[in-house]
Amino acid sequence: MMSQTDKEIVRGAIILTYAGLLSKVLSAFYRIPLQNITGDVGFYIYQQIYPFIGMMTMLMLYGLPQSIAALLIDQPSFKRKKKKMRYFLYSVALMLFICLFALAPTFSRWMGDHSLVTGLRVSFLLLFILPELALERGFDQAEGRIDRTAISQVLEQLFRVSVIIVGAVIIMRQQQSLYNVGIVAGLGALVGGGVALSYFYIRNKKQAEQTDLNNLSTAPFSYSILVKPLLLYSVMIAMNHMVLLLLQWVDAFTLVGLLKESGSSLNDAQILKGVLDRAQPLSQLGIVASSSITLALVPGLTKATKRQDHKQMAQLAGTAYRFGLYLSSAAMVGLVLLMQKVNLVLFKDTAGTISLQIFVISVLFTSLAIITSTILQAYGEGRRVVIGIITGLGVKYLTNHLLVPSFFLPGAAVSTVLATVVIFYFNRLLLKKHVPQGLGAPIVKLMIALVGMAIVVFGMDVLLSPWFFSDQRMLQFIYLLSLITLGIITFGTLLVKTGAISKEEQSLLLKEK
């Protein structure tokens, strides 16, 4: 029988996971109309600014709140130190803002585009919302009010996306500079963060006032106590949630410059970068698909970790890994097969199809890297996971410089795949220590399901495309969606028929939901 505390932990894990999935879907989908509205150059400008916004968002959504909550649970007296924690975080944020604001011209020069300075500086303003929003979420999570964090996350994303899309439409209608897309990206993040913060103040006003009164405590306190949990641990936690974002950050700093050094003009390099950036929402959707199926396993893994039930942890880790492997490999194969049509339907032309096909191979390894890092965190291996991510970023940086000058976009796509392979393989090596028997995956049965799906989808596409893939975009979308649905049904059926998904795993998924 679960205790009330266990139930709250499980409930919190489910709520945050659902909110995270919804936010990731929104984050992936809105980029498609954004590219359609602003074109490849406008999309490139947005994608140059977004990694900075994404990192700050991950810090105030995952890193800092989880670190603050852990600190408050471990040392309840710190609940009376909210004002001091606020001073500490705002001091750090102010120093960081001053440094980043001054370095914006240097960043834009490294990116190979001097006109990005204003967009970068506007995005850095998010640092002034980050401390307060992180504190509200952290204190709420420590008190078990997980639903507020989840609602604030969804509100933040909805308003951010709305501002960006509306702003992009205004920019194009008024024929403003496309570099204003970068400014709108920063403003959207500010509005989203502001709405989320307003939500906390409305819902938690009385509690906030009470907390402020408790800050009058005269107990001994040193700001140095906050350095490790609020700076080091928060960054470690956040990094595990932004593998693809960090790889995108490396491309933001290197790709345009390398393309220019290879003979491309700035405009051509911008277009090429914008074309490759089309892979970001496609990859994110593939990763969300693989993450969603493991949602049902989160409560069980949380309970097993709390009870230190290593046998159950190993069983659930293996199940999570297998289902992640199934979904991510299917998403990868489907995207590679249908990329030409996906590119045309979503982005209005087929530019960069080969590069995008290479890039989406990283969906498989990124998904598995995220799943294995989640499992490793349950085993207390958070620090080593970060080492693996840093190693992967180093591989991405080096292989960009080696491959892009000779192979252009395909080279950048290959470097992303190589980096995700390194991160995943590093995690697998770490997991062997905790799960010596391995996670186990019926590769032959999986290959049968993948090949069967590929044959059915490719065959139906060849037969039906001349008749049903019309010039009307909506009809093209319906055709593509029908093929995807057919592929999903075929793949799922073959997994069950071959026994890749056992009856025990099917019942486990249903039970854990």
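Positive end of the dipole of the chain (Cβ unit charges, origin at the Cα centre): among Ser415, Gly318, Ser264, the Cα lying farthest that way belongs to Gly318. Legend: ranking of residues Arg160, Arg428, Arg121 from fewest to most surrounding C-beta atoms inside 10 Å; resulting order Arg428, Arg121, Arg160.
Neighbour counting of Cβ atoms within 10 Å sorts the residues Ser265, Ser482, fewest neighbours leading, into Ser265, Ser482.
Let me know the shape class of the chain, please: from the alpha-carbon gyration tensor, a ≥ b ≥ c as square roots of the eigenvalues, rounded when a/c is under 1.5, otherwise prolate if a/b is greater than b/c, or oblate. Oblate is the answer for the chain, as a/c is 1.5 or above yet b/c matches or exceeds a/b.
The distance between label points at Ser262 and His434 comes to 3.9 nm (points 7 Å beyond Cα on the Cα→Cβ vector). Provide the FRET efficiency to the nearest 0.05 for the Ile448-Leu481 pair, computing r from the beta carbons and using R0 = 22 Å. Given R0 = 22 Å and the Cβ-Cβ separation, E is 0.30.
Between Ser502 and Met474, the C-beta separation translates, for a Förster distance of 30 Å, into a calculated FRET efficiency of about 0.15. Going by a ≥ b ≥ c, the root eigenvalues of the Cα gyration tensor, does region 245-513 fall in the rounded group (a/c under 1.5), the prolate group (a/b larger than b/c) or the oblate group? Note, shape of region 245-513 comes out oblate.
Given +1 at the Cβ of Lys and Arg, -1 at the Cβ of Asp and Glu and no other charges, the dipole of region 245-513 around its Cα centre is 940 debye to the nearest 20. One decimal place: the segment Thr350-Ser115 gains 81.8 nm when fully extended, by the rule 0.36 nm per residue minus the C-alpha distance. Between Leu100 and Ser77, the contour length at 0.36 nm per residue exceeds the alpha carbon distance by 4.9 nm. Protection proxy ranking for 171-180, 441-450, using the average of other Cβ atoms within 10 Å per residue and placing the highest first: 441-450, 171-180. For Gln176 paired with Gln340, estimate the spin-label separation in nm (one decimal), with each label point 7 Å from Cα along the Cα-to-Cβ line. Spacing of the two 7 Å Cα→Cβ label points: 4.0 nm. Put in order of Cβ neighbour count within 10 Å, fewest first, the listed residues Lys341, Lys396 become Lys341, Lys396. In a reduced charge model with +1 at each Lys and Arg Cβ and -1 at each Asp and Glu Cβ, the chain shows a dipole moment near 1200 debye about its Cα centre.
Read-outs throughout are calculated quantities, based only on the coordinates presented, and are distinct from any laboratory measurement. Keep in mind that this is a model prediction, so the values were computed, not measured. Glycine gets a Cβ as well: all are built from the backbone with ideal geometry, and neighbour counts include every protein chain shown.
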